[in-house]
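The values are calculated or read from the model by the stated rules, or taken from the named source; none is laboratory data. The structure presented is a predicted model; accordingly, all values stated were derived computationally and were not measured. Positions of Cβ are generated from backbone atoms using ideal geometry, with glycine treated the same way; all protein chains shown enter the neighbour counts. For accessibility, only protein heavy atoms count, side chains too; no ligands or nucleic acids. Shrake-Rupley method; radii C 1.70, N 1.55, O 1.52, S 1.80 Å.
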Amino acid sequence: MAIRSFSSWRLCAVAVAVSLSSLAAHAGERLDAIMQAKVLRVGTPGDYRPFAMKVDGQYVGHDIDVVEAMAKELGVKVVYVDTSWPKLMEDLQSNQFDVAVGGITRNVARISKVQMLPGYAPFGKVALVRAADKDQFTKPEDLNRASVRVIKNPGGTNEAYVLQHMTNAQISTHEKNAEIPGLIAEGKGDVMITETYEALHYSKADPRLHAAYLDKTLTPVNQLGFMLPVDDADYVRVMEFTWDVLSLRGELKKEALQWLQ
């Protein structure tokens, strides 16, 4: 029995050694590929103002400016990859791109699967409603009525909030997040659940819309963050360093003042 146990221990030790050797051999592969190709692949749904929006084939927004600044610091160029909220995590984990941006909420579900850069843009969930109807929506329970028509986009935390907290409402799904505010303004729906910054953007841009629950948000304060895969510790470390450098130089503050005020 003692000999068998010792043999088993030796086999386990060899297996561990082989595994560690394999990991060491593969460490840094993503970073190496990025630096050799001089390309950082950035995935974004491109439908969430003011963080990332595709306009006339070009991406604009806070997150776009920040990730472009990070790429410049790395000495590489950005190539954008279209994705969607339902496929965002799957596409990142299947190596469709190197970083995901565009107003992505930091939460346990995501951080348990991927790495996220330091949080920015503190926010809470709010409701975008018609300005003419704003007096109907003063308490959270006002949203969860059978007469309320909610339009949600699929795949993100806004959809999760709707499905959990608005079970009595009439819920419909619209694939293009950026079109939902217009549908609310036109009276084709009553409520869009979103975050502070998007609601403020649309309510300022269209007087028919009102951002409700700003004073007391529907959810506790949270932050947004860029998502990174976890297959290369060297890559994660370099991206974190680059973020810190931009923060130290005041570039993150500059972008926040430009886009998030």
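Relative contact order for the chain using alpha-carbon pairs under 8 Å, separation at least 6, rounded to a whole percent?
Details: 427 pairs, mean separation 69.0, N = 261.
Reported as a whole number, the value is 26 percent.
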By a straight-distance test (C-alpha under 29 Å), which lysines pair with K139 as possible cross-link partners, with residues fewer than eight away in the same chain excluded?
K125, K152, K176, K188, K204, K216
Mean 1/r over distinct Cα pairs of segment 65-214, inverted to a Kirkwood Rh in Å, yields 16.8
Counting sequence-distant residues (5 or more places) and residues on other chains, those with an amide H built under 5 Å from that of L209 are A131
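Could you please tell me the mean projected area of the C-alpha convex hull for segment 125-212, averaged over all directions and given in square nanometres to one decimal?
The orientation-averaged projected area of the Cα hull of segment 125-212 comes to 4.8 nm².
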Given the rule -39500 (n - 2.57) for each run of at least 4 DSSP H residues, summed and divided by the residues of the chain, what is its mean residue ellipticity at 222 nm, to the nearest 500 deg cm²/dmol?
-12500 deg cm²/dmol
Would you mind computing Rg(Cα) / (2.2 N^0.38 Å) for the chain, counting N as its residues?
1.21
For segment 154-261, state the semi-axes of the equivalent ellipsoid (square roots of 5 times the eigenvalues of the alpha-carbon gyration tensor), sorted largest first and rounded to whole angstrom.
32, 19, 13
Averaging sequence separations of C-alpha pairs under 8 Å and six or more residues apart, then dividing by the length of segment 125-212, give the relative contact order as a whole percent.
47
For E68 and D215, what does the FRET efficiency come to when R0 = 45 Å and r is the distance between their Cβ atoms, rounded to the nearest 0.05?
0.85
For segment 148-208 the GluC sites (Glu not before Pro) that pass both the DSSP coil test and the at-most-14 other-Cβ-within-10 Å test are E175, E186
Roughly how far apart, in whole Å, are the Cα centres of segment 193-213 and segment 218-252?
27
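How large is the dipole of segment 125-212 about the Cα centre if only Lys and Arg carry +1 and Asp and Glu carry -1, each at its Cβ, rounded to the nearest 20 debye? Show your work: numbers first, answer last.
Values: 11 positive and 12 negative charges, 17 e Å.
About 80 debye.
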Compute a Gaussian network model of the chain, connecting alpha carbons closer than 10 Å, and tell me which residue from T83, T196, T173 fluctuates the most.
T173
How much of the accessible area of the chain, probe 1.4 Å, is carbon plus sulfur, in whole percent?
55
Describe numerically, in nm with one decimal, the distance between label points set 7 Å from Cα along Cα→Cβ at D56 and at Q261.
2.5
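With every protein chain present, what is the per residue accessible area of the chain (1.4 Å probe, Å²)? Present the calculation step by step, with values, prior to reporting the outcome.
Working: 13480 Å² over 261 residues.
Value returned for the chain: 52 Å² of accessible area per residue.
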Determine the percent antiparallel among the DSSP beta bridges restricted to segment 125-212, to the nearest 5.
65
